[in-house]
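Take a look at the structure set out below.
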Amino acid sequence: MSTSEQAGHPQIAPARTARPGSLGEHVLQQRTGTTERADRFYAEQVLDRLNTRMRNFVVRQEMFFLATADGYGECDNTLRAGPPGFLHILDDRTLAYPEYRGNGVQASLGNIEENPHVGVLMVDFLRDRIGLHVNGRAKLVADDEMRRAHPGLAADPVPGRRARVWVEIAVEEAYVHCAKHIPHLQKVPPQGPGRAWGTDDFKRKGGDFFGAAAEAPDRGHFEPPPRADAPTWRAEAERALERAERRGSHTRGRVFSGWFSPPDHRAADSGPRNRHADPHGRNADSAERPGNVAERGEAVGGSPSPSPPHVGPPSRMPPTHDRGSSGVPRLPGLEPPGRTTQSEEGAAGARRQ
């Protein structure tokens, strides 16, 4: 206990000087004149943990929306559902949920392997008409490993709801989604056999509801390229790692200090960074980032920026030396099997094949 607490004086928390959110939202707030409202929301509503009311909200939810993106920033959004409490609260900074048997595509989990940043949105349509956003960093955990770490986790008796793997989310931001546009819904009595958890039955999964399969012959025969064998993939990954090291060697020691500092002060400024600073210590120049404000030649007010064109916001790509569970490095410039590179196809349209 501090001296001030022992004396009966309340301890004053240190000032928070880093804005939550993205660089893009901060720029748009200034352009549209909403900075003051946004700062008030940041100050009052954005937490770095789940408070008691948030935790009580989470344990009631039977569904949530999950947003992920791959290493290029290409997004996917999906629904996860289960009985109340299937989204587990491990502590006030950690959530976890079980992945049930799906269609085998593994889009969300694959994105998490490349890029751990996720966005969770829970919406209570039935009672409170309110939502809760949780943004953070996710990792995949095997079922047996999760149960060793948290032996109190109950095993779901429904076969289709048995965990294939767990997704554990370290909370970075938690904040309210306001009620004004959320519709009020009501549950209806169950009809038929109910939800077909984990089924492979074509009709019970929804069949060809949107007619995509019926139109498949018109799109031509699907012939995916062959997948590289593991030794070939690993050898190419190691070569790409060496190329990335060589490319990065001439930029080491340079520091990005923010968009609103004069250009000649940026290199010298090494003060505190907010969460947009690169946590892995890499230089923040982002020559390949298409949304780069400086590359577009725009300042906050829309006038040409004095910044040199090579300066960009810190990259949100996975760390250069990050390795997945297979031990294969995930590297900028390395294309997984079936994805061609920009050098092979040209800059236009070569992001994803």
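Please determine, by comparing only the residues of region 126-135 that are touching a strand residue (DSSP E or B) at 6+ places or on another chain (Cβ under 6 Å) and farther than 12 Å from LEU95 by Cα, which one is surrounded by the fewest Cβ atoms within 10 Å (Cβ to Cβ). Talk me through it step by step, then tell me what you get.
Residues of region 126-135 that are touching a strand residue (DSSP E or B) at 6+ places or on another chain (Cβ under 6 Å), as a first pass: 130-135.
Subsequent filtering for residues that are farther than 12 Å from LEU95 by Cα retains 130-133.
Values: ILE130: 15, GLY131: 20, LEU132: 20, HIS133: 18.
Applying the filter and picking the extreme gives ILE130.
Name the residue, out of PHE222, PHE202, PHE209, that is part of a loop (DSSP other than H, G, I, E, B) and touching a helix residue (DSSP H, G or I) at 6+ places or on another chain (Cβ under 9 Å).
Step by step, each of PHE222, PHE202, PHE209 is checked, and only PHE222 is part of a loop (DSSP other than H, G, I, E, B) and touching a helix residue (DSSP H, G or I) at 6+ places or on another chain (Cβ under 9 Å).
Those residues that are within 17 Å of the chain's Cα centre (by Cα) and surrounded by 15 or more Cβ atoms within 10 Å (Cβ to Cβ), I need them from region 74-86; list them, please.
Narrowing region 74-86 to residues within 17 Å of the chain's Cα centre (by Cα): 74-80.
Result: ARG80, single match.
Please specify each residue of region 37-73 satisfying the condition of being touching a Lys or Arg at 6+ places or on another chain (Cβ under 9 Å), open to solvent by 60 Å² or more (accessible area, probe 1.4 Å) and either farther than 17 Å from ALA96 by Cα or part of a helix (DSSP H, G or I) (or both).
Within region 37-73, TYR72 is the sole residue that qualifies.
Of all residues in region 215-230, which are within 30 Å of the chain's Cα centre (by Cα) and open to solvent by less than 90 Å² (accessible area, probe 1.4 Å)?
If the condition is that a residue be within 30 Å of the chain's Cα centre (by Cα) and open to solvent by less than 90 Å² (accessible area, probe 1.4 Å), then PRO224, PRO225, ALA228, ASP229, ALA230 are the ones that fit.
If the Cβ limit is 7 Å and pairs must be 6+ apart or interchain, which residue in region 187-214 that is more than 25 Å from ASP124 (Cα to Cα) and open to solvent by less than 100 Å² (accessible area, probe 1.4 Å) pairs with which residue that is of a type outside the set (D, E, K, R) and assigned to a loop (DSSP other than H, G, I, E, B)?
These pairs meet every condition: ASP208/ALA214.
Go through (1) touching a Leu at 6+ places or on another chain (Cβ under 9 Å); (2) touching a residue at least 40 places away in the same chain (Cβ under 8 Å); (3) open to solvent by 60 Å² or more (accessible area, probe 1.4 Å); (4) under 20 Å from LEU50 (Cβ atoms) and name the single condition HIS117 misses.
(1)
How many of the residues making up region 125-153 are touching an Asp or Glu at 6+ places or on another chain (Cβ under 6 Å) and over 15 Å from ASN56 (Cα atoms)?
Within region 125-153, residues that are touching an Asp or Glu at 6+ places or on another chain (Cβ under 6 Å) and over 15 Å from ASN56 (Cα atoms) number 4.
Taking the residues in region 90-110 that are under 15 Å from VAL165 (Cα atoms) and in contact with a strand residue (DSSP E or B) (Cβ under 7 Å, 6 or more places away or on another chain) as candidates, determine which candidate is surrounded by the fewest Cβ atoms within 10 Å (Cβ to Cβ).
ALA107
Can you name every residue in region 136-152 that is touching a residue at least 40 places away in the same chain (Cβ under 8 Å) and either loosely packed, with under 11 Cβ neighbours inside 10 Å or assigned to a loop (DSSP other than H, G, I, E, B) (or both)?
HIS150
Can you tell me which residue in region 85-114 is farthest from LEU47 (Cα to Cα), limited to those that are in a strand (DSSP E or B) and touching a residue at least 40 places away in the same chain (Cβ under 8 Å)?
GLU99
Which of the residues belonging to region 153-177 are in a loop (DSSP other than H, G, I, E, B), under 25 Å from ALA138 (Cβ atoms) and open to solvent by 50 Å² or more (accessible area, probe 1.4 Å)? Spell out the reasoning first.
Initial filter on region 153-177 (in a loop (DSSP other than H, G, I, E, B)): 153-158, 162-164.
Filter once more, so that each one left must be under 25 Å from ALA138 (Cβ atoms): 153-156, 158, 162-164.
Those that are in a loop (DSSP other than H, G, I, E, B), under 25 Å from ALA138 (Cβ atoms) and open to solvent by 50 Å² or more (accessible area, probe 1.4 Å): ALA154, ALA155, ARG162, ARG164.
Are there any pairs, at least 6 apart or on different chains, whose C-beta atoms fall under 8 Å, with the first in region 155-179 and free of Cβ contacts under 8 Å to residues at least 60 places away in the same chain and the second in a loop (DSSP other than H, G, I, E, B) and surrounded by fewer than 20 Cβ atoms within 10 Å (Cβ to Cβ), and if so, which?
So the pair list comes out as ALA155/ARG162; VAL158/TRP197; PRO159/TRP197; PRO159/GLY198; ALA179/ASP128; ALA179/ARG129.
Within region 116-124, does at least one residue satisfy the condition of being in a loop (DSSP other than H, G, I, E, B), farther than 16 Å from ARG60 by Cβ, touching a Pro at 6+ places or on another chain (Cβ under 9 Å) and at pLDDT 95 or above?
For region 116-124, residues in a loop (DSSP other than H, G, I, E, B), farther than 16 Å from ARG60 by Cβ, touching a Pro at 6+ places or on another chain (Cβ under 9 Å) and at pLDDT 95 or above: present.
The values are calculated or read from the model by the stated rules, or taken from the named source; none is laboratory data. Since we're looking at a predicted model, the values are computed, not measured. Because the Cβ atoms are built from the backbone with ideal geometry, glycine has one as well, and the counts that use them run over all protein chains shown. For the accessible areas, the whole protein counts, side chains as well, though only heavy atoms, and no ligand, DNA or RNA atoms are used. Shrake-Rupley method; radii C 1.70, N 1.55, O 1.52, S 1.80 Å.
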